[in-house]
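Here is the structure we will look at, set down as C-alpha cells.
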Ligand SMILES: Nc1ncnc2c1ncn2[C@@H]1O[C@H](COP(=O)(O)OP(=O)(O)OP(=O)(O)O)[C@@H](O)[C@H]1O
Ligand SMILES: [Mg+2]
C-alpha cells in the first residue's frame, strides 16, 4: 500500500529527510517514532501529496505521489500535525465541505456517520472556533475518515487529548487499521508499542531502526534497566544490602530521597528488591521501572552495528 | 468544474461570516449614497444639472480599488496562515480549480455588494425626466462586472504569494492603483511604441468608453484575457508554494 524508496527532501540547504526506505501493507498500522525535527511530518506531507520530494520514489495505494498526486490524494485520509480547520464553519458544514471536495456521495450522511465514530455527534452544529483542542483533534480525525480512504496518514493523532480520549482514539485507529493501512507518527514509545504492528524509528532524517513492536520491546529490555525505589525512611541504610543482590550493578541515593537502582540487561530484579525492603523492615512506598527516553532508545538501537563495525 | 463550484460556494458563504466584508459593503453603499444625495440636492438648486448613472459607476470603481483588496486578501493568504491550505492542497483538487473557485467566490460576493448599489439608479429613475438611459446603465454595470473579474483575479494571485494578510493587502492596493491609474500615463504623454502599448493596456480607458455606452471588442477581449492571465499566474504561484 505504501512503498517508499530513497526519499529525500531538502529545505534549501537543510536536508530534512535522507534516503528513507520503508513499506506498509494493507491491514497494517505502522508507527513513525522520532524526536522533534526528525522528519516525520516532512515524510507524511510528501506521502499525502502536499509537496514533492527532492528525490526518491513513493507509491501510495498503487499510484506514484509525484506523477499521480490527485489519484493518491483520492485514496489517502490525512490528518495534518497542526489539525487545521475552518474555524468559521460549524462541524457539520466543515465535514460536508471536505466530503464534497473528496467526491463523497451523500456527504451529509457520511459526515454524520464519522461524527458518530469520533463521538462528537452532539457538537455537529457548533462552530469549530468554540471547540476544545481534543474535540478539534477528533474533528480532524473525522475529516480523514470521510471518504473511507485505503490509506490513513495521521500526524500525531493523540496529541492534546486527555487520557480517556487517547484510549478511545487509539481503539478507533486500531479498529480502522484492520482493513486499511495506517501510518501514524508519535514521540511516545509506549504509544508506538501499543498501537502499531510495526515501528519505524526515525532520527535526524534517517530511519535508524525498523521492527515489530514486540521485537522492539525485547531489544530494548536486553539493555540495562533502571528502577526507582521509594521507602518511608532509612533509605540510605538499604544501599549496601541492595548492592549485594544478584543482577544489580549500582544503587544511588537521588536528591529527592529515592533510590536509583541500575540493573544488568534482561534481569528482573523487582520481586527480589521488594522482598529485601520488607525483610529490612522498611516501608515500601514505590517501586518503578524507568521508561527510556527517546535519546536512550536511539543509543540502544543504534549501538550494536557501530560496536561491531 | 464541480470542485470549482464547491470551493466558490464555501468562499461566498464565508464572506457573510466576516465583519470586514460587511464593513466594505457598507463603505461602498455609503459613499455612493453620499454622492447620490449630493447630486440630487444639487439638481434641486440648479435645474440644468441632471444627475446621471456614470457618476455612480465612477465612484463605485474608485471605491472598489480600495475595498476589493480587503475582500481578496484573505482568499489564499488566510488559509496559508491558518494552515487550512494544507487540507485544500491534499484534497483531490487541481491547483487551478482551487484558484478559480476562490476567484469565483470573491467575484460573486463583490457582485452581490454591487447589486445592492442598483438601488440608487432605480431611485434616480423615479426622479428624473426623461427616465434614465437603460443602455448606459447596462454598459456601466457591465464595466463594473468586468472590472471585478480582472481585479479579483489579480487579488487571488497576490493572495497566493503571502502568508501575511497585511502584506497581501498593501501589495494588492499598490498593484490595483498602478494598473488602474498609472499604466496609461505613458500613453497620454508621448508617442511611439511604448505609448501605443500603454494606451492599449490602460484598463480605465476601456472602462470610460463603456460608461459612455459603447462596448469595444478590444476592451472586452483585453479584460477577459487579463482575467485569464492573472488566474494562470495565481495557479503558478500556488503550485510554487508546494516547493517551498
Ligand atoms: N517548511 C519548512 N521549511 C524549512 N525547513 C523545514 C520546514 N519544515 C520542516 N523543516 C525542517 O525539517 C526538519 C524536519 O522537520 P519535521 O517537521 O519533518 O520534523 P518532525 O519529525 O515532524 O518533528 P516534530 O516531532 O517536532 O513534529 C527540521 O529540521 C525542520 O526544521
Ligand atoms: Mg511533526
(Q) Suppose we filter segment A:14-32 for residues that are within 10 Å of ligand 1 (Cβ to nearest atom) and either in contact with a helix residue (DSSP H, G or I) (Cβ under 6 Å, 6 or more places away or on another chain) or within 14 Å of another protein chain (Cβ to nearest Cβ) (or both); how many remain? (A) 4
Q | Qualifying residue in segment A:74-85 (condition: buried (at least 18 other Cβ atoms within 10 Å of the Cβ), more than 21 Å from residue B:241 (Cβ to Cβ) and within 15 Å of ligand 1 (Cβ to nearest atom)) | A | no
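Give segment A:4-13 a look and list any residue that's over 13 Å from residue A:207 (Cα atoms) and surrounded by fewer than 17 Cβ atoms within 10 Å (Cβ to Cβ), or say none.
So in segment A:4-13, the residues over 13 Å from residue A:207 (Cα atoms) come out as A:9-13.
Result: A:10, A:11, A:12, A:13.
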Q | Per-region count, segment A:151-169, residues at pLDDT below 95 and away from ligand 1 (no atom under 16 Å from the Cβ) | A | 9
Q: Report yes if some residue within segment A:189-197 is under 20 Å from residue A:48 (Cβ atoms), in the same structural domain as residue A:89 (by the TED database) and surrounded by fewer than 21 Cβ atoms within 10 Å (Cβ to Cβ); otherwise report no.
A: no
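Does residue A:198 satisfy the criteria of being away from ligand 2 (no atom under 16 Å from the Cβ) and modelled with pLDDT of 85 or more?
Numbers: away from ligand 2 (no atom under 16 Å from the Cβ): yes; modelled with pLDDT of 85 or more: yes.
Answer is yes for this residue.
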Q. Within segment A:171-188, which residues are at pLDDT below 90, away from ligand 2 (no atom under 16 Å from the Cβ) and buried (at least 17 other Cβ atoms within 10 Å of the Cβ)?
A. A:172, A:176, A:177
(Q) Anything in segment A:128-147 that is out of contact with any helix residue (DSSP H, G or I) (no Cβ under 8 Å at 6 or more places or on another chain) and in contact (Cβ under 8 Å) with a residue 12 or more places away in the chain? List them, or say none. (A) A:129, A:133, A:140, A:144
(Q) Report every pair of residues separated by at least 6 positions or lying on different chains whose Cβ atoms are under 8 Å apart, first residue within segment A:73-98 and over 13 Å from residue A:141 (Cα atoms) and modelled with pLDDT of 95 or more, second within 16 Å of ligand 1 (Cβ to nearest atom) and assigned to a strand (DSSP E or B). (A) none
Q) Within segment A:37-68, how many residues turn out to be farther than 19 Å from residue A:200 by Cα and facing chain B (nearest Cβ under 9 Å)? A) 4
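Could you check segment A:34-51 and list, in sequence order, the residues that are within 6 Å of ligand 1 (Cβ to nearest atom) and touching a helix residue (DSSP H, G or I) at 6+ places or on another chain (Cβ under 6 Å)? Walk me through how you get there before you give the answer.
Going residue by residue through segment A:34-51, those that are within 6 Å of ligand 1 (Cβ to nearest atom) are A:34, A:36-42.
Answer for segment A:34-51, where residues must be within 6 Å of ligand 1 (Cβ to nearest atom) and touching a helix residue (DSSP H, G or I) at 6+ places or on another chain (Cβ under 6 Å): just A:34.
In segment A:52-65, how many residues are on the phi < 0 side of the Ramachandran plot and in contact with a helix residue (DSSP H, G or I) (Cβ under 9 Å, 6 or more places away or on another chain)?
In the first step, residues of segment A:52-65 are kept if they are on the phi < 0 side of the Ramachandran plot; the result is A:52-55, A:57-60, A:63-65.
Subsequent filtering for residues that are in contact with a helix residue (DSSP H, G or I) (Cβ under 9 Å, 6 or more places away or on another chain) retains A:52-53, A:58-60, A:63-65.
Counting residues in segment A:52-65 that are on the phi < 0 side of the Ramachandran plot and in contact with a helix residue (DSSP H, G or I) (Cβ under 9 Å, 6 or more places away or on another chain) gives 8.
Conditions tested, residue by residue: (1) in contact (Cβ under 8 Å) with a residue 60 or more places away in the chain; (2) closer than 28 Å to residue A:160 by Cβ; (3) crowded, with 23+ Cβ neighbours inside 10 Å.
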| position | (1), (2), (3) |
| --- | --- |
| A:15 | yes, no, no |
| A:22 | yes, yes, no |
| A:34 | yes, yes, yes |
| A:54 | no, no, no |
| A:59 | no, no, no |
| A:68 | no, no, no |
| A:101 | no, yes, yes |
| A:109 | no, no, no |
Q | Residues satisfying the stated conditions in segment A:12-49, i.e. within 13 Å of ligand 2 (Cβ to nearest atom) and assigned to a loop (DSSP other than H, G, I, E, B) | A | A:34, A:35, A:36, A:37, A:38, A:39, A:48
Q: Kindly establish whether residue A:105 is in a helix (DSSP H, G or I) and away from ligand 1 (no atom under 16 Å from the Cβ).
A: no
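The values are calculated or read from the model by the stated rules, or taken from the named source; none is laboratory data. Being a predicted model, the structure only gives us computed values, none of them experimental. Please note: Cβ atoms are built from the backbone with ideal geometry, for glycine as well, and neighbour counts cover all protein chains shown.
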